[in-house]
Each structure stands twice: as structure tokens, then as C-alpha cells.
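Worksheet: one structure, shown below.
The values are calculated or read from the model by the stated rules, or taken from the named source; none is laboratory data. Model, not experiment: these values are computed from the prediction. Neighbour counts run over all protein chains shown; Cβ positions are idealised from the backbone, glycine included. Heavy atoms of the whole protein, side chains included, go into the accessibility calculation; ligands, DNA and RNA do not. Shrake-Rupley method; radii C 1.70, N 1.55, O 1.52, S 1.80 Å.
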Amino acid sequence: MQSFERAGIQPFGVNPASIESHLSYAEKMRFNFPLLSDPDRAVARAYHALKEDGKGVQRTVYVIGKDGTVRFAQRGAPPVDLILGAVEAGGA
């Protein structure tokens with residue numbers, strides 16, 4: 001988190017679980033970033049993160065610059081250095 005903060009990046013997670021579910025999960029996992037609820041999967045659909053069944057969500061990392069452009073996009077859990085390198089190269 002400190003590396004993201006130094007780069008001016010605010011991470012957050014999005015998934016279809018309810019807000020109530022997010023509260024207990026974030027507490028259990030000790031997340032120090034917000035989790036947003038996407039029950040109808042509109043965000044997942046918009047960012048091409050739905051699995052082929054149209055219900056499951058594939059972990060996908062996006063970095064959106066302050067100007068609204070996508071600076072980084074990759075499925076899975078890419079290393080922090082890869083994310084930060086792409087952002088620094090593109091000027092988040």
C-alpha cells in the first residue's frame with residue numbers, strides 16, 4: 001500500500017458481494033482499502049472482468065489515470081512493481 005500511496009494511486013476492490021459481506025470480509029482479511037459492491041456486475045462487465053459464464057468475476061487489475069485514461073490493465077494479480085512501472089511510464 002505504501003508504494004501505491006507514494007505513486008498517488010488509491011487502490012480499491014470491486015466484486016458482486018453485498019456491502020455487508022464486504023465489511024466482514026475486509027475486517028477478516030485486514031484490508032486497508034475500500035471494497036465496492038457490484039451486485040449486478042455492471043462494473044465487471046464494463047471492464048471485461050466477467051468469466052465466460054457471465055456470472056463469475058476474473059480478478060483484473062486496472063489503473064485509471066487522473067485524466068480518465070487506462071494506464072494499466074491485466075488479468076490476475078500482477079506484481080506491484082509491474083503496475084507501478086506501467087504507471088510511471090504513462091504518467092498517472
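For ALA77, which of the numbered conditions (1) open to solvent by less than 40 Å² (accessible area, probe 1.4 Å); (2) among the small types (Gly, Ala, Ser); (3) in contact (Cβ under 8 Å) with a residue 12 or more places away in the chain; (4) closer than 28 Å to SER21 by Cβ fails to hold?
For ALA77, the exception is condition (1).
Only one residue in SER18, SER3 is farther than 28 Å from ALA89 by Cα and among the polar types (S, T, N, Q), so which one is that? Write out each step before concluding.
On the way: SER3 fails: farther than 28 Å from ALA89 by Cα.
Exactly one residue qualifies, and that residue is SER18.
Restrict the check to the stretch 47-70 and report whether at least one residue is surrounded by fewer than 14 Cβ atoms within 10 Å (Cβ to Cβ) and touching a residue at least 24 places away in the same chain (Cβ under 8 Å). Full working, then the answer.
Just the residues of the stretch 47-70 that are surrounded by fewer than 14 Cβ atoms within 10 Å (Cβ to Cβ), to begin with: 48, 51-56, 58-59, 66-70.
Remaining after also requiring touching a residue at least 24 places away in the same chain (Cβ under 8 Å): 66.
Yes, the conditions are met somewhere in the stretch 47-70.
Tell me, which residue of the stretch 1-46 that is within 19 Å of ARG71 (Cβ to Cβ) and of a type in the set (Val, Ile, Thr) is surrounded by the most Cβ atoms within 10 Å (Cβ to Cβ)? Step through it out loud before you land on a result.
Going through the stretch 1-46, the residues within 19 Å of ARG71 (Cβ to Cβ) turn out to be 1, 3-14, 33, 43, 46.
With of a type in the set (Val, Ile, Thr) added as a condition, the list becomes 9, 14, 43.
On the way: ILE9: 18, VAL14: 20, VAL43: 15.
Restricting to residues being within 19 Å of ARG71 (Cβ to Cβ) and of a type in the set (Val, Ile, Thr), the top hit is VAL14.
In the stretch 1-42, what count of residues is obtained for those that are part of a helix (DSSP H, G or I), more than 23 Å from ALA86 (Cβ to Cβ) and among the polar types (S, T, N, Q)? I'd like the intermediate steps shown before the answer.
Step one: of the stretch 1-42, the residues part of a helix (DSSP H, G or I) are 2-6, 19-29, 42.
If we keep only those that are more than 23 Å from ALA86 (Cβ to Cβ) as well, we get 19-29, 42.
Filter once more, so that each one left must be among the polar types (S, T, N, Q): 21, 24.
Of the residues in the stretch 1-42, 2 are part of a helix (DSSP H, G or I), more than 23 Å from ALA86 (Cβ to Cβ) and among the polar types (S, T, N, Q).
Does at least one position in the stretch 36-47 carry a residue that is within 14 Å of the chain's Cα centre (by Cα), under 14 Å from GLN10 (Cα atoms) and not polar (S, T, N, Q)?
There is at least one residue in the stretch 36-47 that is within 14 Å of the chain's Cα centre (by Cα), under 14 Å from GLN10 (Cα atoms) and not polar (S, T, N, Q).
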